[in-house]
Amino acid sequence: MSGFKRVLIILASVATVLALAVGGGFLWLYSGAKVSTVGRTSFRNELAVPPLAESTVTADGTRVFDLKMQAGETEFKAGRKTPTWGFNGSYLGPTLRAERGEKVQVRVRNTLGEASSVHWHGMRLPAKMDGGPHQMVAPGTTWSPHWKVDQPAATLWYHPHPHGETEDHVQRGLAGMFILDDAKSQGLALPDTYGVNDLPLVVQDVKFDGARFDHGKGVTQTVGFLGDRTMVNGTLDPYQVVGDELVRLRLLNASTARTYDFGFDDSRAFSLIGTDGGLLEKAARMDRIQLSPGERAEVVVRVRPGERTVLRSFPLDIGQDFYNQRFNGGDDTFDVLELRAKRRLRPSPALPATLGKLEIPDGSHAARGRFFDLKLSGINGKRMSMGRIDETVTRGTTETWTVRNTNGMPHNFHVHGVQFRVVSVNGREPEPALRGAKDTVFIPDGTTVKLAMRFDGPADPNAPFMYHCHLLYHEDQGMMGQFVVVEKGQKAGRPAASHAHQGH
Ligand code: C2O
Ligand code: CU
Ligand code: CU
């Protein structure tokens with residue numbers, strides 16, 4: 001054999017060994033990336049229901065809440081203390097509740113060792129009360145935003161929004177629900193006894209390293225952190241006893257990166273009655289509801305006496321390529337919560353035929369359109385900058401926003417200060433789950449959505465609202481932009497490049 005041939009053979013075998021190693025490594029990563037907790041979930045802990053926040057009403061009729069951001073320890077597993085953060089407690093926060101037309105104020109006290117903020121996700125309010133990265137609360141200070149609730153009954157939520165650190169602060173446990181009521185919704189025959197037949201469900205995926213949270217993310221995960229099990233309201237392996245035929249679940253995906261496809265283990269149908277911004281015009285029957293990070297859904301499910309049924313998150317059916325499907329959690333299955341029906345159930349009235357009328361424009365008379373291209377490297381080619389206003393919106397006019405993802409990974413899109421309507425998905429009429437008021441919408445790779453919205457809140461040329469991907473790792477990386485709402489003819493001002501609130 002000539003020396004040349006010998007070299008060739010050696011090279012070829014080295015290449016083969018390398019290819020096998022890489023391929024084998026990939027296969028190992030690929031099969032290890034799929035998670036299922038079906039059959040591994042014990043349902044041995046009674047579901048914790050976040051307490052309703054206490055409030056006082058001042059002489060001028062303002063309902064005042066107190067939220068204290070604090071560090072502590074939480075015993076998720078018996079005898080094991082996990083370092084966590086919470087509002088008025090060691091993990092998560094109480095449920096705030098107010099009525100349309102009420103003036104509210106929240107006194108947010110930061111007792112953490114670092115600055116944070118509290119954003120009212122889904123709320124229509126003045127931009128300087130929004131709690132985004134421009135309303136930082138320095139350690140040891142109190143920030144007291146106030147506004148008048150002026151939107152339909154809905155399941156909203158609150159969480160920190162410090163630029164570059166939102167994922168971390170939410171993962172440590174800072175999140176809670178903010179439920180709004182209105183006269184119309186109170187007049188409907190819907191299950192509405194909090195914690196009994198109307199259950200708040202804050203769903204998060206977590207991973208433990210001993211007693212501590214493990215927030216590491218693998219190199220193959222482009223969406224950010226993914227846990228290997230779920231918890232609800234901070235309860236691992238949760239069950240809930242129910243005593244009514246119809247049970248309303250207020251689902252909040254408070255996970256930082258994971259998209260769920262919720263249904264029941266026997267694939268029973270349920271009724272979707274509300275989305276991010278409130279009740280649908282009429283309930284929609286379905287057996288799956290997809291929620292990406294930040295999205296909410298209100299569903300009503302019927303249980304039979306004495307049975308047990310499991311709320312499950314199924315593998316996603318979103319036409320992702322096999323890489324995204326597997327490495328970004330799309331193939332995973334989680335048993336989320338077991339409902340245990342009592343032997344004798346209180347009869348529930350049938351669901352009302354119609355629930356309400358959407359108070360958002362359909363986009364047919366839009367004054368202008370905007371386009372947003374989603375990339376991890378930035379929206380419309382720009383990374384978030386605190387000192388730059390990206391868009392200027394005129395108060396009271398309807399706009400359509402076209403948002404496109406061709407980035408090869410899943411994203412979603414959230415707009416502050418407004419509820420929008422999904423007009424189309426890839427040019428087609430959206431499915432029933434996207435026909436309600438929304439503030440966050442899932443946009444998998446290869447998808448373009450058209451949204452219609454109108455900013456009716458007060459104008460403020462100097463205080464920006466945010467729009468961003470609500471996969472919090474992406475948001476922190478700079479997948480976020482800023483807009484101001486101005487009066488007709490007014491120009492955008494200049495936001496302070498950074499601004500830590502100094503307290504009173
Ligand atoms: Cu829930 Cu800008 O966030
Ligand atoms: Cu928000
Ligand atoms: Cu994203």
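The accessible area of ARG395, taken with all protein chains in place and a 1.4 Å probe, comes to roughly 90 Å².
With θ taken as phi - 60° and the Karplus curve 6.51 cos²θ - 1.76 cosθ + 1.60 applied, the whole-hertz 3J(HN,Hα) list for the range 216-226 is x, 10, x, 5, 7, 8, 7, 7, x, 5, 10 Hz, x standing for glycine and proline.
How much of the accessible area of the range 281-383, in percent, comes from carbon and sulfur atoms when a 1.4 Å probe is used?
Carbon and sulfur together cover 49 percent of it.
Of LEU351, LEU280, the residue with the largest accessible area leads and the full order is LEU351, LEU280 (1.4 Å probe).
Of the trypsin sites (Lys or Arg not before Pro) found in the range 131-196, no site is in coil according to DSSP while having at most 10 other Cβ atoms within 10 Å of its Cβ.
The loop-placed trypsin sites (Lys or Arg not before Pro) in the range 20-63, going by DSSP, that have at most 15 neighbouring Cβ atoms within 10 Å of their Cβ come out as LYS34, ARG40, ARG44.
Compute, for HIS146, the solvent-accessible surface of its heavy atoms (probe 1.4 Å) with the complete set of protein chains present, and express it in square angstrom to the nearest 10. Accessible surface of HIS146 is approximately 90 Å².
Across the range 88-96, rounded Karplus estimates of 3J(HN,Hα) from the backbone phi angles (6.51 cos²θ - 1.76 cosθ + 1.60, θ = phi - 60°) give 6, x, 8, 8, 6, x, x, 8, 7 Hz, Gly and Pro being marked x.
From helices alone, the chain scores -3000 deg cm²/dmol at 222 nm; the rule is -39500 (n - 2.57) for each run of n ≥ 4 DSSP H residues, then divide by the residue total.
If you take the Cα Rg of the range 121-268 and divide it by 2.2 N^0.38 Å, with N the number of residues, what do you get?
Normalised Rg, Cα atoms only: 1.21.
Candidate cross-link partners of LYS488 among the aspartates and glutamates, defined by an alpha-carbon separation under 12 Å and a same-chain spacing of 8 or more, comprise ASP460. Taking every alpha-carbon pair within the range 365-439, the share separated by more than 17 Å comes to 54 percent. Between the amide H of TRP157 and those of HIS121, PHE178, distances stay under 5 Å, these residues lying 5 or more places away or on another chain, with hydrogens modeled in the peptide plane.
Taking LYS382 as the anchor, which lysines have their alpha carbon closer than 26 Å to its alpha carbon, excluding any fewer than eight residues away along the same chain? Partners found: LYS128, LYS217, LYS438, LYS450, LYS491. Of all stretches in the chain that contain no GluC sites (Glu not before Pro) in a DSSP loop with at most 14 other Cβ atoms within 10 Å, the longest one is 115-306. Measuring how big the chain is from its alpha-carbon positions, Rg and Dmax come out at 23.6, 100 Å. Computed over all pairs of different Cα atoms, the Kirkwood value for the hydrodynamic radius of the range 374-492 is 14.6 Å. The heavy atoms of LYS375 present about 60 square angstrom of accessible area, all protein chains included, probe 1.4 Å. Size descriptor for the range 198-346, Kirkwood hydrodynamic radius: 16.1 Å (Cα pairs only, one decimal). Qualifying trypsin sites (Lys or Arg not before Pro) in the range 445-497, where qualification requires a DSSP coil assignment and no more than 13 other C-beta atoms within 10 Å, comprise LYS488, LYS491.
Residues whose amide H lies under 5 Å from that of VAL336, counting only those 5 or more places away or on a different chain, are LEU311, ARG312, SER313; hydrogens are built 1.01 Å from N in the peptide plane.
The values are calculated or read from the model by the stated rules, or taken from the named source; none is laboratory data. Note that the coordinates shown come from a computational prediction; the quantities given were computed from them, not determined experimentally. A quick note on method: Cβ atoms are made from the backbone with ideal geometry, for glycine too, and the neighbour counts reach across all protein chains shown. Accessible surface areas use protein heavy atoms only, side chains included; no ligands, DNA or RNA. Shrake-Rupley method; radii C 1.70, N 1.55, O 1.52, S 1.80 Å.
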